[in-house]
Structure formats: structure tokens, C-alpha cells
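Student: Before anything else, here's the structure in question.
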Amino acid sequence: MEKSTNKVLAGIVALVVVIAALVATIGNRPVAQIDRSKPEGVVQAYLQAVLARDFDQAATYFATTSTCTADNLVAAYIPENATVSLGEVTVTASSANVTVSVEISSGEPLGSRYTETHTYRLVKSGPDNTWKVTGTPWPLYDCGVLK
């Protein structure tokens, strides 16, 4: 009887290991990188830099006319566990709007989450005519007040 109990227990342990490996694999899927020549690719790169707390890199996506800087990002509240999803993208010859949904944990014990919607405005800028973020992009709410 002990041998069959050990076999059952070994089978259960093996099943748990397989399920855990599957969950880890699904949860760690790489995010598809969007071409940075597209407005949504620039927003993705900006947000990846912000969430990685690489503020100098994130600031490279600001338009030259922007009052936002890396120092503004340093001072901003950036949630530890935000999940960002691409929404609507509207593009004209020289401007674009990219809407994203940001899902953030509320920090409550039962794991509830809330969602914010943010729209990034972009313009074509510079000699290479690349897309740059203008205005005051999330997670910022005010720029240019730091001295």
C-alpha cells in the first residue's frame, strides 16, 4: 500500500511542478515590440523606460518643445506593478494620439485593481522627422515647475 501512496504523491508533485512551470511561462511572455517609427511604438518605448525607471532614456522621447524632463519623472509617482494595454491610435501627417489603459493594483489585501485611461499626444519632430511625445504624459501631471 505504501508504494501506491508514494506513486500517487509523486504524481501529484509532478503535476504541480508542470502547472507551476506553465504558469511561469505564460506570465513571462515577452511583450511584442512595436516599430518605433510608429507613434504607438514611441509610446511603448517611453513607457517601458518609465516603468524600468530609466528616466534619462524616457526623456529622450519628449518633444524639444516639452517642458517635461527626466527630473520631473524622478519626482513622479510610478506604480510598481502597472500593466499597460494599447488602445486607440489616431494618426495624421504631423500629429498622433495614442490611448492606453493603465491597470494598477490598489494595494488592498484581496488584490483589487483599478484602470486609468491616458492619451499621449505626439508630433513629428527634428531633422529626422521622428515621433516625439508632447504635452504632459502619464505618469506626469505637471511639468516645468521644478527649478
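Student: Go through (1) over 20 Å from G41 (Cβ atoms); (2) β-branched (V, I, T); (3) touching a residue at least 40 places away in the same chain (Cβ under 8 Å); (4) open to solvent by less than 50 Å² (accessible area, probe 1.4 Å) one by one and return the number of the condition T136 breaks.
Tutor: It fails just one condition, (4).
Student: OK, next. So in the range 104-128, with the set limited to residues that are open to solvent by 70 Å² or more (accessible area, probe 1.4 Å) and charged (D, E, K, R), which one is nearest to L140 (Cα to Cα)?
Tutor: Here the answer is R121.
Student: Which one of T90, T83 is open to solvent by 50 Å² or more (accessible area, probe 1.4 Å) and at pLDDT 95 or above? Quick ask: steps written out before the conclusion?
Tutor: Working: T83 fails: at pLDDT 95 or above.
Of T90, T83, the one residue that is open to solvent by 50 Å² or more (accessible area, probe 1.4 Å) and at pLDDT 95 or above is T90.
The values are calculated or read from the model by the stated rules, or taken from the named source; none is laboratory data. In this text, all values refer to a predicted model and were calculated from it rather than measured experimentally. Ideal geometry is used to build each Cβ from the backbone, glycine not excepted, and the neighbour counts take in all protein chains shown. When the accessible area is computed, the model is the full protein with side chains, heavy atoms only, and any ligands, DNA or RNA have been set aside. Shrake-Rupley method; radii C 1.70, N 1.55, O 1.52, S 1.80 Å.
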